[in-house]
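The values are calculated or read from the model by the stated rules, or taken from the named source; none is laboratory data. Small disclaimer: the values here were computed from a predicted structure and weren't measured. Here the Cβ positions follow ideal geometry from the backbone for every residue, glycine too, while neighbour counts run over all protein chains shown.
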Amino acid sequence: MKDSSLRLVLISTPIGALGSGRGGGVELTLRSLVQGLVGRQHQLTLVAPRGSERPQGCDAVELLEVDGVDQPSWQHASEAASVEIPRNAVLPRLLDVALQRADKADALLNFGYDWLPLWITPHIQQPLFHLISMGAVTTVMGEAIEALGRWDQRRLAFHTARQASDFTLPNLPCVVGNGFDLQAYRFQPAENGPLGWAGRIAPEKGLEDAAAAAAALGDRLLVWGLREDEVYAAAVESAVPPGTIEWRGFLSTEDLQRDLGACRALINTPKWNEAYGNVVVEAMACGVPVIAYDRGGPGELIVPGENGLLVPPDDVSALAESIRRCGEIDRYACRHWAERHASQDVFSGRVEAWIRAGLAADGNITAMQ
Ligand code: UDP
């Protein structure tokens, strides 16, 4: 018997309108998932900050735009930071609008990495699920995720097992990976292109190590991404010989895949427990092998010898040595890996299975601590 279609209310990140780029990797995740779920015939309502755009080809999705002030990001908060909800905040309003729609829905699915949606989950009748987009950034967020896991872990999913390992959970985590509109990424066979690096220009992304490895090889490094931290960007540039780094700015997916696809390798050097690493798979989708630190999501996505090489974290000499060997990787194998493991359809299928399992489950309600 074919499963019936689900009616889902998706709650966007409370940081930036969808399409603004301020939501980081979550924007691409959400866009891709909406397209994938629509393709699987589900009925969706998307609740998002004012100015958000519907993903392409998703005109049938109901979009409810909500006014309000952005949440501060947890990304750069100190370990002991407190929960903060600004005056006129968009976050409670997103929840308010989503809950008003909930009676007609089978489930609600939250994409914001924040305390309030997690805390409220056991207190409401409507089934609210959370796709967690970062590791345990700050104690209070780690504790909120773990508390919900103790109440009913079926409400939580993660992008990778490495990300989930930041949390103490009663059961094995539900890992859904991530998904991409692979038609938007063109395979490029060229093996002699430049070295590339892509991501937010911020300390946790470790650009300085990729630049140092490129410099050790006497090579240049093309860099794409949002300059989130100008002081850090200047420090990275001044630590390597002039001309090593070529800043290429923040590009649209269409332009990024065209330039990234011409690279002989993407270097990925996270200093934090990266939840997934979208750019890793975007590069593979273009046929570009990835040389990455064996840390966080990239350490789980890379199958050494098949779609890239893994290097002990923070070892710049080993990184340079592995970059020399990037020609050993078959570029078609990189693309095939992305098709098998990270297509929109594979991802939305995993998310659907997670929600269905959570809805089918009996209550597992114990006291929240
Ligand atoms: N990105 C982009 N244009 C650029 C560089 C990056 O659109 O010039 C996007 C990229 O496609 C990816 C996101 O920025 O979706 C970065 O996500 P990732 O998971 O790599 O890191 P995050 O910023 O979420 O930590």
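If you check LEU217, LEU207, LEU182 for being in contact (Cβ under 8 Å) with a residue 60 or more places away in the chain and within 23 Å of SER32 (Cβ to Cβ), only one passes: LEU182. Against the test of being among the basic types (Lys, Arg), out of contact with any Gly (no Cβ under 6 Å at 6 or more places or on another chain) and at pLDDT 95 or above, the options ARG162, ARG150 yield a single qualifying residue, ARG150. For beta carbons closer than 9 Å, sequence separation of 6+ or different chains, a first residue in the range 127-153 that is within 16 Å of PRO170 (Cβ to Cβ) and among the β-branched types (Val, Ile, Thr) and a second that is assigned to a loop (DSSP other than H, G, I, E, B) and more than 16 Å from the ligand (Cβ to nearest atom), the qualifying pairs are ILE132/PHE167; ILE145/PHE167; ILE145/LEU169. Taking every residue in the range 98-119 that is farther than 27 Å from VAL140 by Cα and pairing it with any residue that is in a loop (DSSP other than H, G, I, E, B) and of a type in the set (S, T, N, Q), at least 6 positions away or on another chain, the pairs with Cβ-Cβ distances below 6 Å are ALA102/GLN126. Find the strands (runs of 3 or more DSSP E) located wholly in the range 1-110 whose residues include 1 or more that are of a type in the set (S, T, N, Q), and list them. In the range 1-110, 43-49, 107-110 are the strands (runs of 3 or more DSSP E) which contain 1 or more residues that are of a type in the set (S, T, N, Q).
Test ARG155 against the stated conditions and say whether it is over 24 Å from ARG22 (Cα atoms) and surrounded by 20 or more Cβ atoms within 10 Å (Cβ to Cβ). Answer is yes for this residue. Taking the range 281-316 as the range and being assigned to a helix (DSSP H, G or I), small (Gly, Ala, Ser) and either more than 16 Å from the ligand (Cβ to nearest atom) or more than 20 Å from ARG340 (Cα to Cα) (or both) as the test, only GLY296 passes.
Go through the range 242-276 and give me each residue that's farther than 17 Å from ALA211 by Cα, part of a loop (DSSP other than H, G, I, E, B) and in contact (Cβ under 8 Å) with a residue 60 or more places away in the chain. Break it down into steps so the answer makes sense when it comes.
Initial filter on the range 242-276 (farther than 17 Å from ALA211 by Cα): 250-259, 261-262, 272-276.
Checking the rest, the ones that are also part of a loop (DSSP other than H, G, I, E, B) come to 250-252, 261-262, 272-276.
Once the filter is applied, which keeps residues that are farther than 17 Å from ALA211 by Cα, part of a loop (DSSP other than H, G, I, E, B) and in contact (Cβ under 8 Å) with a residue 60 or more places away in the chain, the range 242-276 yields PHE250, GLY261, ALA262, TRP272, ASN273, GLU274, ALA275, TYR276.
Counting residues in the range 218-234 that are assigned to a loop (DSSP other than H, G, I, E, B), at pLDDT 95 or above and within 16 Å of the ligand (Cβ to nearest atom) gives zero.
Within the range 244-280, restricting attention to residues that are near the ligand (Cβ under 9 Å from one of its atoms) and of a type in the set (Ser, Thr, Tyr), the residue that is surrounded by the fewest Cβ atoms within 10 Å (Cβ to Cβ) is SER252.
In the condition set (1) surrounded by fewer than 18 Cβ atoms within 10 Å (Cβ to Cβ); (2) at positive phi, GLU65 is compliant with all but (2). Of all residues in the range 16-29, those satisfying the criterion of being within 11 Å of the ligand (Cβ to nearest atom) and among the hydrophobic types (A, V, I, L, M, F, W, C) are VAL26, LEU28.
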